[in-house]
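Structure first, then comments.
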Amino acid sequence: MLFGFVGFRVIKTAIAAILAIIVADLLGLDNHLGAGTLSILAVEVTRKKSISSTSARFFASIVSLAVASCLFLLFGFHLWVLAAYILLTFPLVARLNFKQGIVTSAVVVFHLYAEGQVTLHILWNEVLLLSCGLGAATLVNLAYMPKEHEKLWDIRKEIDACFSAIFLQLSRNLRDAAYVWDGKEMIDTAANIESGIATASKALENRLLPSEEEMVEEKWLLYFYMRKTQLDSIQNLMQLLSQIYQTMPYNQLVANLFEQLSEDVKHPLYTGTTERLLNELEPQFRELPLPTTREELEVRAAILQVFRELRVYLKVAKKDKKELTVEG
């Protein structure tokens, strides 16, 4: 952000618009300011999206100019003909997969309508205006895109901190069955994960050629999708823990697992500490004397299910977290 309120995309748009107008003026084109309008429409947030949208806008405009020229030559320059152009061309452009170019194509056709005649000079002028506007926008888009690595690391730290807080809350619930947790960290975590996926996808779309940096963005996507899968597992754990409605002595041992996990989750690599504790605790838990009451039976059955779900969570971390070691 510049001056706290002007975003980077706005700056790119201003540069692209001025560049398009200057080039169009140097070429001696009529209505050279129109090139600036076309460039404003074409500025995108990623390089790959810029290339795809530029081609869509260009071909949509060519198709629209062709259809509009035929209509104007046959029926004249009337508003109902302009309406007929919209009714005919917009669905055609969408069917040709040039939907992104509908607005751009309408701009050049409206230029043609304003001229009140169809000549090769006017059509060529519109094509050149289109080339100047789209070309300037594409050039600015390809020239520089802000790196997202710092933002990705910030999001990751937020997610890790939220996961840690969640496991501490689960531990507290096991130690005191009467404790009530509002689940705010779950909502914050889900929002951060979606933000991370969007940011990593945007960073990946800014890589036009395969490179080591592109592999880094792919690892970021892997990390956020891993966390999304683990969040689903945590939701299952919460449902199981809700069935533990009595505080039993062995609940403390299970609570220790979640406390350890609250520390492990902040590590960049899979530590395996929680898994080792689980491997030690589960056999001990199975060797306990049989429950003497229905309530104890239900609680112990829920804890066994917690063990299984916890293994699912750890399996995901063990498989994917080891790949996320590249700083950026």
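Return the distance in nm (one decimal) between the two label points of a simple spin-label model at PHE307 and PHE77, each offset 7 Å from Cα along Cα→Cβ. Result for the modelled spin labels: 8.4 nm. Stokes-Einstein D for the chain at 20 °C, 1.002 mPa s, Kirkwood Rh over Cα pairs, in µm²/s? Estimated via Stokes-Einstein, D reaches 88 µm²/s. For the cross-link pairs LYS147/LYS319; LYS157/LYS184; LYS202/LYS228; LYS147/LYS219; LYS12/LYS202, the ones whose C-alpha atoms lie over 23 Å apart are LYS147/LYS319. Annotation note: trypsin sites (Lys or Arg not before Pro) in the stretch 122-199 located in DSSP loop regions with a Cβ neighbour count of at most 14 within 10 Å are LYS147. Note on GLU280/ARG172: beta-carbon distance plugged into 1/(1 + (r/R0)^6) with R0 of 25 Å gives a FRET efficiency of 0.65.
Shape class for the stretch 56-129, computed from the alpha carbon gyration tensor (a ≥ b ≥ c): oblate, with a/c not under 1.5 and a/b at or below b/c. Summarising the label geometry, the points placed 7 Å from Cα in the beta-carbon direction at SER52 and GLU287 lie 5.8 nm from one another.
About the centre of its Cα atoms, the chain shows a dipole size close to 480 debye [charges on the beta carbon of Lys, Arg (+1) and Asp, Glu (-1) only; nearest 20 debye].
For TRP153, the accessible surface of its heavy atoms amounts to roughly 40 Å² (probe 1.4 Å, protein chains only, rounded to the nearest 10).
Residues in the chain average 52 Å² of solvent-accessible surface per residue, probe 1.4 Å, ligands and nucleic acids excluded. Working note: Karplus 6.51/-1.76/1.60 with θ = phi - 60° gives the stretch 263-276 the couplings 8, 4, 5, 8, 7, x, 10, 6, 8, x, 5, 5, 4, 5 Hz, where Gly and Pro are set to x.
Surface composition of the chain: carbon plus sulfur atoms contribute 63% of the solvent-accessible area (1.4 Å probe, protein chains only, all chains present). Against the chain, whose longest principal axis comes from its Cα atoms, helix 120-143 is set at around 30 degrees. Taking the radius of gyration and the Kirkwood hydrodynamic radius from Cα positions alone, what is the Rg/Rh ratio for the stretch 77-184, to two decimal places? That ratio equals 1.42. Which of rounded, prolate, oblate describes the stretch 93-147, given a ≥ b ≥ c as roots of the alpha-carbon gyration tensor eigenvalues and a/c under 1.5 marking rounded, otherwise prolate only if a/b is larger than b/c? The shape class here is oblate.
The values are calculated or read from the model by the stated rules, or taken from the named source; none is laboratory data. As the structure is a prediction and not an experimental result, all values here were calculated from the model. Here Cβ is always computed from backbone atoms with ideal geometry, including for glycine, and neighbour counts include all displayed protein chains. With ligands, DNA and RNA removed, areas are computed over all heavy atoms of the protein, side chains included. Shrake-Rupley method; radii C 1.70, N 1.55, O 1.52, S 1.80 Å.
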